[in-house]
Every structure is written in C-alpha cells, then in structure tokens.
Amino acid sequence: MTISDPDTNRLRFRPHHFLCALGYQGKGYSDAFTRNMDRIVQGRLRGKEGDAVEIEVTAQTDSICAPCPHRRGALCESQEKIDALDARHATALNLRAGDRLSWGAAKLRIRAQLKPGDLSVICESCQWLEYGMCEGALRHLHEAAETST
Ligand code: SF4
C-alpha cells in the first residue's frame, strides 16, 4: 500500500485522520507507523507548500494506515471502533468518501466546524485523546486565526 497516489501524489485520509494529522506530535503505534506519519505530516502537510497538498477522503485504510501494525488488509483489527470514529468525524466535518480537498481547506473547515473541547465527544475511545495534544492543536488553530485577523 503506497502512502499517496503515484500519479497525482494526492494523499488518502479516512475522515478521522484529518484531526489526527493536525494533532500529531511524533507518537504512534510502531517505529514504521511513526516514520510514515513523519513523512506525511512533517514532510508534506507541515512543509513549505503543505496547505496545497491534496487529500482524497476514503472509507477504508489510507495513507496513514499503510504501515500500521493493527491494519488487516483494507480493514483495522478494531474496525467497529474505527467506523464509529470515522462516522463522528465525517459528520462533524461534512466529509464523504471521494471528496477531495487541500490541507489548507481542511484546516479552515476544522476551524469552522469544531471548537476547543469538541474532541472529547468526536474522538471518544481514542487512546491518544488523554494526552491532550490533539485538543492543543485544535486550540492553537483557533488562536492562530484570531491573532491573524
Ligand atoms: S484524539 Fe485520536 S482520533 Fe482524535 S484527533 Fe487525536 S489521535 Fe485522532
């Protein structure tokens, strides 16, 4: 499984991975998973032209799932939990499989649709929630917008 479309270089994200990418701080499920996440988030989304990176929404395993030790083919070993996470994030961000948007547009949408504190509801059951880095990133996104207006 490649991390991006070989022809377009477009990434593929399942709905809940937009917020995971925003909050990523170097923690992951394995060394291979973290290396891949570094390439996607630090190397592309937080790179110089990061806001222009195109992402296609998928209902299956995606660019981030590719080297995950919990991946089972096109599914996750915790598929029920992941389906519930994806459904809540898809509703919150109005995302459907097949949608395409830039990372810059995704961040604008996250800011417009989610306020600090909302992750305790839409990310319920995620093991990373308690570390606070994802909520911190969401707060920072709002603060950065306020100081730039
Ligand atoms: S709490 Fe979990 S699901 Fe929510 S943004 Fe963070 S890593 Fe992703």
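The values are calculated or read from the model by the stated rules, or taken from the named source; none is laboratory data. Being a predicted model, the structure only gives us computed values, none of them experimental. As a convention, Cβ positions derive from the backbone with ideal geometry for all residues, glycine included, and neighbour counts pool all protein chains shown. Please note that ligands, DNA and RNA were not included when accessible areas were found on the heavy atoms of the full protein model with its side chains. Shrake-Rupley method; radii C 1.70, N 1.55, O 1.52, S 1.80 Å.
Comparing Cα centroids, the range 108-137 and the range 1-73 end up 18 angstrom apart.
Which chymotrypsin sites (Phe, Trp or Tyr not before Pro) does the range 1-77 hold that lie in a coil by DSSP with at most 10 other beta carbons within 10 Å? Please list the in-between numbers first.
Details: sites: PHE13, PHE18, TYR24, TYR29, PHE33; in loops: TYR24, TYR29.
Those that pass, being in a loop and sparsely packed, number zero.
Computed in the context of the full set of protein chains, the accessible area of the range 11-148 at 1.4 Å probe radius has 49% of its extent on carbon or sulfur. Per-residue 3J(HN,Hα) values for the range 124-129, derived from phi via the Karplus relation 6.51 cos²θ - 1.76 cosθ + 1.60 with θ = phi - 60°, read 3, 5, 7, 5, 8, 4 Hz in sequence order (x marks Gly and Pro). Prolate is the label for the range 96-137, because a/c, from the alpha-carbon gyration tensor with a ≥ b ≥ c as root eigenvalues, is 1.5 or above and a/b exceeds b/c. Under a GNM of the chain (C-alpha, springs under 10 Å), which listed residue has the highest mean-square fluctuation: THR34, THR91, THR61? Fluctuation is largest for THR91.
In the chain, excluding the sites themselves, the longest stretch lacking any of the GluC sites (Glu not before Pro) that are in a DSSP loop with at most 14 other Cβ atoms within 10 Å is 1-48. Working note: Karplus 6.51/-1.76/1.60 with θ = phi - 60° gives the range 75-90 the couplings 10, 10, 5, 10, 4, 4, 5, 5, 4, 5, 4, 4, 5, 5, 5, 5 Hz, where Gly and Pro are set to x. Within the listed set LYS48, LYS81, LYS27, the residue fluctuating most in the Gaussian network model of the chain (springs between alpha-carbon atoms under 10 angstrom) is LYS48.
Could you tell me which of SER78, VAL57, GLN127 has its Cα farthest along the dipole of the chain towards the positive end, charges placed at Cβ (Lys, Arg +1; Asp, Glu -1), taken about the Cα centre? Positive-most Cα among the choices belongs to VAL57.
Relative contact order of the chain, please, whole-number percent, based on alpha carbon pairs below 8 angstrom and at least 6 residues apart. Could you put the intermediate results ahead of the total?
Details: 189 pairs, mean separation 42.6, N = 149.
The value is 29 percent.
How far, in nm, would the chain grow between GLU124 and HIS142 when pulled straight, counting 0.36 nm per residue and subtracting the alpha carbon separation?
Between GLU124 and HIS142, full extension yields an extra 4.4 nm.
Residues of the range 5-24 with an amide N closer than 17 Å to a point placed 7 Å from the Cα of ALA112 along the Cα-to-Cβ direction: 19.
In debye, nearest 20: dipole of the chain around its Cα centre with unit charges on the Cβ of K, R (+) and D, E (-)? Mind showing how you got there, number by number?
Details: 20 positive and 20 negative charges, 34 e Å.
Computed about the Cα centre, the dipole is about 160 debye.
Using a probe of 1.4 angstrom and keeping all protein chains present, the accessible surface of the range 26-137 works out to 53 square angstrom per residue.
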